[in-house]
Amino acid sequence: MLILALDVLERDVALDVARKCGEYVDFIKVNYPLVLSAGIDVVSELSEIRPVIADFKIADIPYTASLIADIAFRHGVRAVIAHGFAGSDMLRAVRDVADRHGGEVYAVTELSSQGGREFMTRHTLEIVDVAKEVGCDGLIAPATRPERIAEIKKRAENLRVICPGVGAQGGRLEDVLKAGADGIIVGRTIYQSEDPARTAREIRERIDGLMK
Ligand code: XMP
């Protein structure tokens, strides 16, 4: 699975890159930079090109988390990303909203950045357990640390594990898939390349070759 992280700031650029890369990616992931600068309606427009994952990293009290998730789903997203560290009550609230919309929930385990090791790593496997209990559809795990992906995947059982951090953050596609990831999230390597469609196609071909 290839997920395009579309962290560009302008609506027209986002739609252009999405249209060019759409046939090579399974999902488009949107994050705050795009939504805060272009407005939430861009999410609906992108959803017409490819299914969207809203990476709003929801981490709040259940009530507020539900409002955020509901807004995302009402704009056509297929899935939302919520922080596992916020706890089971919040994940359950987000799960309930997703169920009302027929959507999916991914829980963040530990961030792919260095800072992800400071606090989150100690609780990663507990977060995986909570995500399973709550019935999340998948987990976000760090492509920058393949050894952690393997541990997370083992504990995750049938939850999908998708990994940001390939390319610009230093993670290697081959290592990530070998560690058991079900998909990778790639942003800058694609949308900052000279030819985003060609780059997306090449990554897609590498994934298909490795996952055969
Ligand atoms: P790049 O440009 O680094 O984009 O390929 C990566 C995208 O993924 C987000 N990101 C994360 N999201 N957990 C998450 O839920 C993580 O550990 C993580 N690391 C990166 C990043 O914000 C960007 O959208």
| said: Let me spell out the model: positive unit charges on the Cβ of Lys and Arg, negative unit charges on the Cβ of Asp and Glu, origin at the Cα centre of the range 13-53. What dipole size does that give, in debye rounded to 20? | reply: 120
| said: Could you sort the peptides 47-56, 96-105 by per-residue average Cβ neighbour count (10 Å cutoff), highest mean leading? | reply: 47-56, 96-105
| Order of 26-32, 76-82 by packing, highest average Cβ count within 10 Å first? | 76-82, 26-32
| task | Compare the Cα positions of M211, H101, F119 along the charge dipole of the range 58-212 (+1 at Cβ of Lys, Arg; -1 at Cβ of Asp, Glu; about the Cα centre) and return the one farthest towards the positive end. | result | M211
| note | H101 neighbourhood, Cβ < 15 Å, K/R = +1, D/E = -1, net charge -1
| request: Please report, in debye to the nearest 20, how large the charge dipole of the range 1-148 is about its Cα centre when each Lys and Arg carries +1 at its beta carbon and each Asp and Glu carries -1 there. | output: 180
| query | Given P51, S66, G39, which one lies farthest toward the positive end of the charge dipole of the chain, if we put +1 on the Cβ of every Lys and Arg and -1 on the Cβ of every Asp and Glu? | reply | P51
| query | Gap in Å between the Cα centre of the range 91-121 and the Cα centre of the range 131-209? | reply | 15
| field | Dipole of the range 81-183, positive direction: furthest Cα of V134, S88, L177, with charges on the beta-carbon | value | L177
| request: Pull up all non-local amide H partners of V108: gap of 5 or more, or a different chain, and H-to-H distance under 5 Å with H placed in the peptide plane. | output: A82, H83, G84, I140
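Only the coordinates and a few stated rules stand behind these numbers; no lab work does. What you are looking at is a predicted structure, and each value in this text was computed from that prediction instead of being measured. Counting neighbours? That spans all protein chains shown, and the Cβs are built from the backbone with ideal geometry, glycine included.
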